[in-house]
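Notes follow once the structure below has been shown.
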Amino acid sequence: MAEPTAYFLTFTTYGTWLYGDERGSVDDRHHVYGRAKATPNREKYKRNFRKLKWQPYTMDAKARGVVELTIEQVTKHRKWNWPAPFSCTSTAAFRRV
């Protein structure tokens, strides 16, 4: 498989996407570009959810604005040519082509 020609960087907020999640997840054995994610595992998800020290965190409009502004400022400071970031309540993402 060819190397990617673009980057799509994303992260999730605390507790909103745990190992075993029904959407799939990555772990020490499932984290290579082009390979399958870990399969959903309800028991693993429940076990990880019980380990959370706080409630899952979702961002409101103000928090999303802070994340987007911070990404914009860092990319400008480092002279990276990145399009504007995107965020929603539980993820933030930006891409570079």
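Taken together, the values in this text are just the output of simple stated rules run on the coordinates, not laboratory data. In this text the structure is predicted, and so the values were computed from the model without any measurement.
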Output ³J(HN,Hα) for the stretch 59-65: one whole-Hz value per residue in order, computed from phi by the Karplus curve 6.51 cos²θ - 1.76 cosθ + 1.60 with θ = phi - 60°, and x for Gly and Pro. 8, 8, 4, 5, 5, 4, x
Sequence neighbours fewer than 8 away in the same chain don't count; with that in mind, list the lysines whose C-alpha is under 26 Å from LYS76. LYS62
Extension reserve of the LEU9-TRP54 stretch, reckoned as 0.36 nm per residue once the Cα distance is removed: 13.7 nm
